[in-house]
1. Could you grab the pairs with beta carbons closer than 6 Å, sequence gap of 6+ or different chains, first residue in the stretch 308-332 and under 13 Å from V398 (Cα atoms) and at pLDDT 95 or above, second one crowded, with 21+ Cβ neighbours inside 10 Å and of a type in the set (F, W, Y)?
2. Scan the stretch 358-367 and tell me whether some residue there is over 14 Å from L396 (Cα atoms) and assigned to a loop (DSSP other than H, G, I, E, B).
3. Could you check the stretch 241-288 and list, in sequence order, the residues that are of a type in the set (A, V, I, L, M, F, W, C) and within 16 Å of the ligand (Cβ to nearest atom)?
4. Looking at R338, is it under 21 Å from the mean Cα position of the chain (by Cα) and within 16 Å of the ligand (Cβ to nearest atom)?
5. Hey, any hits in the stretch 300-314 for a residue that's of a type in the set (S, T, Y) and either away from the ligand (no atom under 16 Å from the Cβ) or part of a helix (DSSP H, G or I) (or both)?
6. Which one of H371, H329, H347 is more than 16 Å from the ligand (Cβ to nearest atom), under 30 Å from E118 (Cβ atoms) and surrounded by fewer than 21 Cβ atoms within 10 Å (Cβ to Cβ)?
7. Six or more apart or on different chains, Cβ atoms under 6 Å: show the pairs whose first residue is in the stretch 257-283 and over 20 Å from I201 (Cα atoms) and whose second is away from the ligand (no atom under 16 Å from the Cβ) and in a loop (DSSP other than H, G, I, E, B).
8. Being of a type in the set (A, V, I, L, M) and either surrounded by 16 or more Cβ atoms within 10 Å (Cβ to Cβ) or in contact with a Lys or Arg (Cβ under 6 Å, 6 or more places away or on another chain) (or both) is the filter here; which residues of the stretch 109-138 pass it?
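The values are calculated or read from the model by the stated rules, or taken from the named source; none is laboratory data. Keep in mind that what you see is a predicted model, and the values were worked out from it rather than measured. Positions of Cβ are generated from backbone atoms using ideal geometry, with glycine treated the same way; all protein chains shown enter the neighbour counts.
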Amino acid sequence: MITWITFEMSTNTDGLTPIVQYGQSELNHKSFGYATAWMNGNRTSFVNRVMLNHLKPDVIYLYRCGNEQNQIWSKTFKFRSKPENEEEWSPKIALFGDMGLVNGRSIPYLNERSKNMEYDVIFHSGDIAYNLHELNGKLGDEFMRKMEPAISTIPYQTAVGNHEWFQNFTHYTNRYTMTDSLTGDQNNYYYSFNVGPVHFISISSEFYFWYLNQGEFPSHDIENIKIQYDWLKRDLIEANRPENRRKRPWIIVAAHRAMYCSPWMWTILRKGIPIVYRWGLEDILYEYGVDMYIGAHEHTYERLFPIYNRRVYNGSLDNPYRNPKAPVHFLVGSGGCRELVDPFINHPAPWSAKRISDYGITELHVMNKTHIRIQQRSTHNVTDLQTYGKIVDSILLVKERHGKEAWF
Ligand SMILES: [Fe+2]
């Protein structure tokens with residue numbers, strides 16, 4: 001799906017609105033899409049969306065987007081289509097949360113690495129732009145322009161964060177188009193996609209934090225906690241069907257807020273809403289053998305030992321991440337924003353394996369069905385080429401078995 005925003009409706013006389021022209025060496029194919037008008041403040045934006053289907057596998061395509069009637073076109077960009085045999089593919093995923101226009105330390109790094117298409121997915125785990133709605137949305141536009149070199153080439157996937165709250169999360173719901181690969185439904189709050197041997201699930205932690213203000217935020221009424229939970233269960237059941245888990249043994253779940261981080265725990269996420277303790281995430285992730293949980297919100301990087309119910313379940317004393325007996329959690333909220341980084345408390349909890357209070361990008365290199373290399377790259381000093389992008393943490397997660405049976 002190619003998405004872009006214009007400030008004039010790009011509908012042509014047939015009503016067959018936005019167009020993407022694409023091809024391998026020349027732009028000799030085209031696909032039509034649709035535009036939706038969206039009022040923010042006193043201006044109207046048009047979100048143009050075009051889906052490209054029937055792409056050849058593992059090919060670099062050139063493309064541009066625009067409108068034939070007016071002959072107004074974007075620059076020509078490029079992307080690489082998925083390989084034919086996804087099971088044998090070793091994709092790289094860039095992860096971060098909490099990245100803004102001001103002090104967005106990791107943006108130049110993403111743009112540089114994307115020139116040679118070194119990533120296959122860029123995942124922004126909530127808190128986008130700081131803030132998408134400011135300056136009547138122009139700040140959000142500028143953030144997307146700054147990210148354009150990377151995210152015009154590499155798929156940009158998102159989760160919603162608390163900073164997207166403005167006017168019932170309108171900028172988040174309108175600007176982006178997250179598509180559930182199983183149903184084809186658009187849902188920016190919860191959806192899943194497959195990339196190589198990974199089934200990646202993005203959910204909203206924010207449903208758990210805004211339901212008490214549902215009058216102001218109707219998209220976050222209490223019912224949504226249950227609806228998302230039921231969707232997650234269905235998605236996990238499907239991903240765990242033997243033929244699916246054989247093809248894609250890794251299941252990764254990401255949301256804006258971490259369940260555990262050094263300063264505190266989000267018990268509401270782990271156990272569900274108070275008093276009734278329903279729709280908690282920790283049990284369902286454990287039950288369906290989820291391998292990794294990714295959170296952000298705290299502006300730090302933190303790697304946890306495998307954990308369930310506040311107890312550490314290392315694979316072994318020598319090698320905690322070889323055949324761990326519980327999901328492995330990461331906190332990746334250090335993309336860089338105007339709120340700077342957060343400090344740590346002096347005495348970390350026993351489940352905290354590595355803490356870095358600095359800016360950075362977390363890379364997942366999914367080597368195959370049993371090995372993922374996870375590395376943290378510092379993006380602290382944008383002007384120092386010696387240290388910019390330096391690896392500051394690295395582990396190899398090895399799982400010879402996946403699913404709930406891997407825990408025993
Ligand atoms: Fe946040």
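1. Every condition considered, the pairs that remain are N314/F305; P320/F305; P327/Y293.
2. yes
3. Across the stretch 241-288, the qualifying residues are A254, A255, A258, M259, C261, W264, M265, W266, I268, L269.
4. yes
5. There is at least one residue in the stretch 300-314 that is of a type in the set (S, T, Y) and either away from the ligand (no atom under 16 Å from the Cβ) or part of a helix (DSSP H, G or I) (or both).
6. H371
7. Going by the 6 Å Cβ cut-off, the qualifying pairs are S262/F344; S262/I345; S262/P348; P263/I345.
8. Correct list: L110, M117, V121, I122, I128, A129, L132.
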